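Participant: Can you read through this structure? Questions will come right after.
The values are calculated or read from the model by the stated rules, or taken from the named source; none is laboratory data. Because the structure is predicted, anything quoted here is derived from the model rather than measured. Because the Cβ atoms are built from the backbone with ideal geometry, glycine has one as well, and the counts that use them run over all protein chains shown. What goes into the accessible areas is simple: the full protein's heavy atoms, side chains included, and nothing from ligands, DNA or RNA. Shrake-Rupley method; radii C 1.70, N 1.55, O 1.52, S 1.80 Å.
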Amino acid sequence: MLSNSQVQAEFSRSITFKPRSDASRFEQRKQYKDALYLIKSGQRSRYLKLKDQLKTYPLYPYLEYSEKLSRLSRQSSESIAEFIDQYRDTPLANQMLQNWLYNLAKRGEWETFNEYYSHSTAAEKNACFYGYALYKESRLAEAMQWAEKLWLVDFSQPDECDPIFKIWRDNDGLTADIAWQRYSLTMLSNEYKLTAYLVRFLAREDKQYANSFRLVHKRPRNVKRVDKYKADNERVRELVLHGLKRLSRTQPDEALETLNKYLEIHQFEQEALAETYIYIAKQLALSGDRENQIDDLPINLHEHADLVEARIRMALKQNNWGQVLILINLLPEESQSSPRWQFWKARVLAGSVDPADQDIARGNFSRLAELRSFYGFLAADRLHQDYNFVDEPTNVSTEEILALEETPGIQRALELLTLNERTKARREWYFTTQDFSNRERQIAARVANRWGWHKAAIQSLIDAEAWNELDYRFPIAYLDTFISNARIADIPVNWSLAIARQESAFMPDAKSPVGAYGLMQLMPATAKSVARRTGLSFKSNRDLTKPAFNIKLGSQYLGQMLRRYNNNRILATAAYNAGPGNVSKWVNQDLPFDVWIETIPFPETRAYVQNVLMFSTIYGRRLQQRQPLIYNHEYDDFYSAQPDLSDAENDQQSDKDNQIDAAG
């Protein structure tokens, strides 16, 4: 069994601590690294001598894992099963199993492979081998069914799938419809390289349609050439509807007009047609629907809350406050009661000349002001009240924290973090804490926070649904670095902290799917540009995982955005997320600031701006600064008039009465 020896810095020792008589933790780390080197270099006899000295070291299981992995072909089933059983409380057990299964497959030991394979924990490559293992075990029908499942995905499968795919094709598993279905899936996912590869598997008559599909996907305006797509068959109907959706992103009016032309020559499936109408309607709403075409579409609004929300935002942008209220009442009850739409309902009624409506508005604002949320803070501002931060820390004793630190899984995670093995540390931490009670997760958050592991602390509290632990959910990380760079860039430090909290939760080695790096999630091209402007040396993307360098560049870029947008954090925050080119197109000083935020075209950017503004306020409080959600000068960059319902009061009220029963 593993030792419960503590993984603690001296500052965290209790008063009962006694020095260890064996090797110090510092020495053990050095020995551990030496042992790993001996394994990799094949110096087995020297490794075995050193291994015995590390049995009390928390990462001893990782040594055993590395040792077995280096001699995997020599391991018996019994040896692997023994390792998996011994270390089943670590992520190493499944890692060992997956590596061993892969090794068995490469050696063609299919019977043993099938015996130990499990769908629930299978690695991607082993899932491919499983299909081939079924075939080798003479389970052809199952193998063919599994191959089809592997095939019908919108991404490229590993090379290990090629053998079972070939057998599947040789057994007539790949039909024309299945080949087209995958081609369509990958095109919808913008996997152009894969679609080019998949053309070879299409039926001869489908290849011309594939070219047309690719054409309307990349150049949607081509779908307006109705004569070119007159053939009324399933393939053409699919590519036409897809092309119309793509066209509607930039020309929704043209897309709808073109759809009407196609309706004269094609018999579309009702479900696919309805989906296209909904898509075009959302784009019409986004563009303002200048011709008032949405109401004429064959769409039941009660069945499409997302379209109703799109229309509410259109009405907000058009200052059509009466329509906003009518549409809110068409939302499902759960949506209507959300802080977002309760705020906008109050916002509309606050402009009414009817005292009863104004009372309802004040009541809504008062209830919202009790919440710690973007809309709660907005409501508090309208009532001239202090924000309710709802900060309710849980009482956790030092003894509880130290006791959790001593548990083997937490020790391993913290030791890996110390060795800068961050990926392994995260894997160990999340594996260990996945079955924790909420109380244990709250304690774990404090352990992680003490070690400067803020992402793990934040995630533990999210898993515990401990939303009111503000000190740990919003840690003041790298404060000296943030302060010094905020001064140089002339930006509010609570704002740059909020950006880092939103972007990475203070994870230094974070990398996004689109290639942004580090604490403040900088794209390499942006980082190079900022470095060049500020005279900093930027050698590689790895530099962006260094907190001090990332904060320096991120703060400078925030400063550039802030000055570009007249010291307005609302616009600068949106630009940091969506790019200044988009924000400059969106700027509309005829809208109130809250309407502008609510109608940001990108949902991700909309949520991002709301979070960062709220987080900035929370960090202001944490830094003992009085920080408003919105500064006065930021209000001034937007239109500030209140909703005026007087002209449409009677019509709106009667419409509200007619529609209220239809809500939900």
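Participant: Scan segment 228-264 residue by residue and report those that are within 15 Å of A281 (Cβ to Cβ) and under 30 Å from the mean Cα position of the chain (by Cα).
Facilitator: Passing the criteria: L241, L244, K245, L247, S248, R249, Q251, P252.
Participant: Looking at segment 589-610, which of its residues are part of a helix (DSSP H, G or I) and either surrounded by fewer than 18 Cβ atoms within 10 Å (Cβ to Cβ) or touching a Ser or Thr at 6+ places or on another chain (Cβ under 6 Å) (or both)? So that I can check it myself, show each step before the final result.
Facilitator: So in segment 589-610, the residues part of a helix (DSSP H, G or I) come out as 593-598, 603-610.
P603, E604, A607, V609, listed by residue number.
Listed here are the residues, each with its yes/no results for (1) touching a Leu at 6+ places or on another chain (Cβ under 7 Å); (2) more than 20 Å from F615 (Cα to Cα).
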{"site": "F506", "(1), (2)": "yes, no"}
{"site": "G518", "(1), (2)": "yes, no"}
{"site": "A527", "(1), (2)": "yes, yes"}
{"site": "T534", "(1), (2)": "no, yes"}
{"site": "S540", "(1), (2)": "no, yes"}
{"site": "I551", "(1), (2)": "yes, no"}
{"site": "S555", "(1), (2)": "no, no"}
{"site": "A575", "(1), (2)": "no, no"}
{"site": "A578", "(1), (2)": "no, no"}
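Participant: Look at segment 72-119 and say how many of its residues are more than 22 Å from M144 (Cβ to Cβ), open to solvent by 40 Å² or more (accessible area, probe 1.4 Å) and hydroxyl-bearing (S, T, Y).
Facilitator: 4
Participant: Output the residues belonging to segment 433-453 that are out of contact with any Ser or Thr (no Cβ under 8 Å at 6 or more places or on another chain), under 23 Å from R29 (Cβ atoms) and in a helix (DSSP H, G or I).
Facilitator: Those that are out of contact with any Ser or Thr (no Cβ under 8 Å at 6 or more places or on another chain), under 23 Å from R29 (Cβ atoms) and in a helix (DSSP H, G or I): V447, N449.
Participant: Next up: If you check every pair at least six apart or on different chains, which have Cβ atoms under 6 Å apart with a residue in segment 420-438 that is among the acidic types (D, E) first and a residue that is open to solvent by 70 Å² or more (accessible area, probe 1.4 Å) and part of a helix (DSSP H, G or I) second?
Facilitator: From residues that are among the acidic types (D, E), there are no pairs.
Participant: Moving on. Evaluate the following for D480: is it of a type in the set (D, E, K, R), within 17 Å of L571 (Cα to Cα) and open to solvent by 10 Å² or more (accessible area, probe 1.4 Å)?
Facilitator: No, not satisfied.
Participant: Determine, yes or no, whether L316 is under 30 Å from W586 (Cβ atoms) and either open to solvent by less than 10 Å² (accessible area, probe 1.4 Å) or touching a His at 6+ places or on another chain (Cβ under 6 Å) (or both). Spell out the reasoning first.
Facilitator: Details: under 30 Å from W586 (Cβ atoms): yes; either open to solvent by less than 10 Å² (accessible area, probe 1.4 Å) or touching a His at 6+ places or on another chain (Cβ under 6 Å) (or both): yes.
Spelling it out, L316 is indeed under 30 Å from W586 (Cβ atoms) and either open to solvent by less than 10 Å² (accessible area, probe 1.4 Å) or touching a His at 6+ places or on another chain (Cβ under 6 Å) (or both).
Participant: Any idea which residue in segment 85-128 is farthest from the chain's Cα centre (by Cα), counting only those that are among the aromatic types (F, W, Y) and more than 19 Å from L59 (Cα to Cα)? Quick ask: steps written out before the conclusion?
Facilitator: Narrowing segment 85-128 to residues among the aromatic types (F, W, Y): 87, 100, 102, 110, 113, 116-117.
After this cut, where a residue has to be more than 19 Å from L59 (Cα to Cα) as well, the list is 100, 102, 110, 113, 116-117.
Details: W100: 32, Y102: 30, W110: 38, F113: 35, Y116: 33, Y117: 30 Å.
So, considering only residues that are among the aromatic types (F, W, Y) and more than 19 Å from L59 (Cα to Cα), the one farthest from the chain's Cα centre (by Cα) is W110.
Participant: Which residues, taken from segment 174-212, are closer than 16 Å to E234 by Cβ, assigned to a helix (DSSP H, G or I) and of a type in the set (S, T, Y)?
Facilitator: Selection gives Y183, S184, Y209, S212.
Participant: Quick one: how many residues across segment 120-133 are among the hydrophobic types (A, V, I, L, M, F, W, C) and buried (at least 18 other Cβ atoms within 10 Å of the Cβ)?
Facilitator: Of the residues in segment 120-133, 4 are among the hydrophobic types (A, V, I, L, M, F, W, C) and buried (at least 18 other Cβ atoms within 10 Å of the Cβ).
Participant: Could I ask something else about it? Of all the residues that make up segment 611-627, how many are in contact with a helix residue (DSSP H, G or I) (Cβ under 9 Å, 6 or more places away or on another chain) and open to solvent by 10 Å² or more (accessible area, probe 1.4 Å)? Quick ask: steps written out before the conclusion?
Facilitator: So the first thing to find is which residues in segment 611-627 are in contact with a helix residue (DSSP H, G or I) (Cβ under 9 Å, 6 or more places away or on another chain), and the list is 611-623, 625-627.
Narrowing the set further to residues that are open to solvent by 10 Å² or more (accessible area, probe 1.4 Å) leaves 611, 614-615, 621-623, 625-627.
Adding up the residues that qualify gives 9.
Participant: Follow-up question, since we're still on this one. Is it the case, given these coordinates, that T545 is polar (S, T, N, Q), over 20 Å from the mean Cα position of the chain (by Cα) and either buried (at least 17 other Cβ atoms within 10 Å of the Cβ) or more than 24 Å from R372 (Cα to Cα) (or both)?
Facilitator: Criteria not met by T545.
Participant: Going through N485, N494 one at a time, which residue ends up being in contact with a Lys or Arg (Cβ under 6 Å, 6 or more places away or on another chain), touching a residue at least 60 places away in the same chain (Cβ under 8 Å) and crowded, with 17+ Cβ neighbours inside 10 Å?
Facilitator: None of the others qualify; the one that does is N485.
Participant: Looking only at residues that are closer than 19 Å to K193 by Cα and among the aliphatic types (A, V, I, L, M) in segment 149-177, which one is most open to solvent (accessible area, probe 1.4 Å)?
Facilitator: Among those residues, the one meeting the criterion is L152.
Participant: Can you go through E264, E275 and tell me which one is open to solvent by 10 Å² or more (accessible area, probe 1.4 Å) and either at pLDDT below 95 or not in a helix (DSSP H, G or I) (or both)?
Facilitator: The unique qualifying residue is E264.
Participant: Between residues in segment 158-187 that are closer than 21 Å to E124 by Cα and touching a residue at least 24 places away in the same chain (Cβ under 8 Å) and residues that are open to solvent by 30 Å² or more (accessible area, probe 1.4 Å) and not in a helix (DSSP H, G or I), which pairs lie under 8 Å by C-beta distance while being six or more apart or on different chains?
Facilitator: If the second residue must be open to solvent by 30 Å² or more (accessible area, probe 1.4 Å) and not in a helix (DSSP H, G or I), the pairs left are W168/L174; R182/L152; R182/D154; L185/L152; L185/D154; T186/D154; T186/F155.
Participant: Only one of (1) open to solvent by 50 Å² or more (accessible area, probe 1.4 Å); (2) over 30 Å from D594 (Cβ atoms); (3) assigned to a loop (DSSP other than H, G, I, E, B); (4) not small (G, A, S) is not met by Y430, so which one is it?
Facilitator: Checking Y430 against (1) open to solvent by 50 Å² or more (accessible area, probe 1.4 Å); (2) over 30 Å from D594 (Cβ atoms); (3) assigned to a loop (DSSP other than H, G, I, E, B); (4) not small (G, A, S), the one that fails is (3).
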